[in-house]
1. At a 4.7 angstrom Cβ threshold, list every cysteine in the chain that has nobody to pair with, or say none.
2. Given a Förster distance of 60 Å, report the FRET efficiency between Asn67 and Leu337 from their Cβ-Cβ distance, rounded to the nearest 0.05.
3. Taking the Cα centre of the stretch 279-420 as the origin and placing charges on Cβ (Lys, Arg +1; Asp, Glu -1), which of Ile404, Tyr348, Phe290 is farthest toward the positive end of the dipole?
4. Per-residue ellipticity at 222 nm for the chain, helices alone: DSSP H runs ≥ 4 residues times -39500 (n - 2.57), over residue total, nearest 500 deg cm²/dmol?
5. Can you tell me the orientation of helix 370-385 relative to the chain, as the angle in degrees between its alpha-carbon axis and the longest Cα principal axis, to the nearest 10?
6. List the aspartates and glutamates whose Cα lies under 13 Å from the Cα of Lys88, skipping any in the same chain that are fewer than 8 positions away.
7. Quick one: go through the stretch 34-59 and flag any residue whose amide nitrogen is under 19 Å from the point 7 Å out along the Cα-to-Cβ line of Gln91.
8. Using a 10 Å cut-off on Cβ atoms, rank the peptides 141-151, 275-285, 103-113 from the highest mean neighbour count down.
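The values are calculated or read from the model by the stated rules, or taken from the named source; none is laboratory data. The model shown is predicted, which means the values in this text are computed figures rather than measured ones. Glycine gets a Cβ as well: all are built from the backbone with ideal geometry, and neighbour counts include every protein chain shown. Just so you know, the surface numbers come from the protein's heavy atoms only, side chains and all, with ligands and any DNA or RNA stripped out. Shrake-Rupley method; radii C 1.70, N 1.55, O 1.52, S 1.80 Å.
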Amino acid sequence: MDWLKIINFVIPVLFTVCYAYQYVYILVGCFVKPRTFREVTPRHRFAILISARNEQSVIGHLLDSINAQSYPRELIDAYVIADNCTDKTGQIAAEHGALVYRRDDTEHIGKGYALSFLFHQLENEGTFDRYDGFFVIDADNILHPNFVREMDKCMSEGHRIITSYRNSKNYGTNWITSGYALWFLREARHLNNPRFILGTSCAVSGTGFLIHKDVIKRQGGWKHFLLTEDIEFSVDSILHGEKIAYCHNAMLFDEQPITFAQSWRQRMRWSKGFLQVVRKYGIKLIGGVFHGKGFSCLDMLFTIAPAFVISTISLVANLTGLIVGIATGPQNILIALTEIAKTLGGIYVILFVVGFISGCFEWRNIHTSVPRKILSFFTFPLFMITYLPISLAALFAKVSWKPIDHTVACTLENIQNNDQ
């Protein structure tokens, strides 16, 4: 079983080589304050685009948070795509002041197709050029009252694609929701924040991002339809020379899946989507590293590829070692189990440190009780380790976009009261 020991020695070395630069990100995130932007007179007109499929439970609270923005309300229009809805999403959205477009297309399913549909509608109606920028927001989100104002300040400094601070509505529900939430806090504070400070490109993450209208014009509407359309958009934008900015003071609250079945389904889609992005853009990203796009392309390549591949190799090798051990005798079973325990233990420790650091620095922005905050640091590695079987299954499974049920209907005040 020496081969298994060698593989389990090489795997962490490869991880270290590929992701050592992110230790720099962690240090920057810990010791350099996030950037702020100077006050400006609001002048940009924005459209907030919301793709919603059977979101009657939560869409009203999102639109209330949009109506409560400190940015001049006359400069904001909220658009809801009632995408294959069979409930009252469209009706409720209209009652809360949104402009509602109904889309019924059961062949082309997903947010990417919904966004493409709406951009075509705006272009055909001659209203596209009314706006300076377009927000992409999920129906289950709640926006902090200063969200649009802060994003506008960032765009006023010349940034054309901007991502925001993604917080969570239901951090303290269970180990699954806190696992998601802590990962997004880490992404904000110790990935996108240091990227922006160091002058490389950030990446958008599903929701809460702003796109200048000239970017949409350049790409001819919305053209990203892979299972992870956000990562595809990020990669494609970077390859076209864009640098995605980060606005730390623009906070939104996102609902996380509650059950493991929902989480498995969602993360399976993400894992499959990463594979799709690698297949479509991997060679271009490698070329971009050597042809003027530099570190931004390298960073995105490492974001979508090595961890997935290395983790899958590790899982397959250790499972193979266990099978061989069972077939060859008790001594080899013990060796295999020992190697698996060492591997999982090492992963646990690293992920605990990552989660602990992010949780400590964003402590005040975690809205749950103190005991649940502390417990989440210990359960975060377990949540992330469940990515291992998901990554392996994604290699073989046929995956399609399916909606996640959103049921956490609350206001910003409700979220903040979770601290008690």
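1. Cys18, Cys30, Cys85, Cys202, Cys297, Cys360, Cys410
2. Details: r = 58 Å, r/R0 = 0.96.
So, using R0 = 60 Å, E works out to roughly 0.55.
3. The residue sitting most towards the positive pole is Phe290.
4. On the way: 17 runs with 229 residues, N = 420.
-17500 deg cm²/dmol, from helical runs alone.
5. Value to nearest ten degrees: 70.
6. List returned: Glu55.
7. Counting backbone N atoms under 19 Å from the label point, the list is 52-59.
8. Numbers: 141-151: 22.6, 275-285: 17.7, 103-113: 14.9.
Most protected by this proxy first, the peptides run 141-151, 275-285, 103-113.
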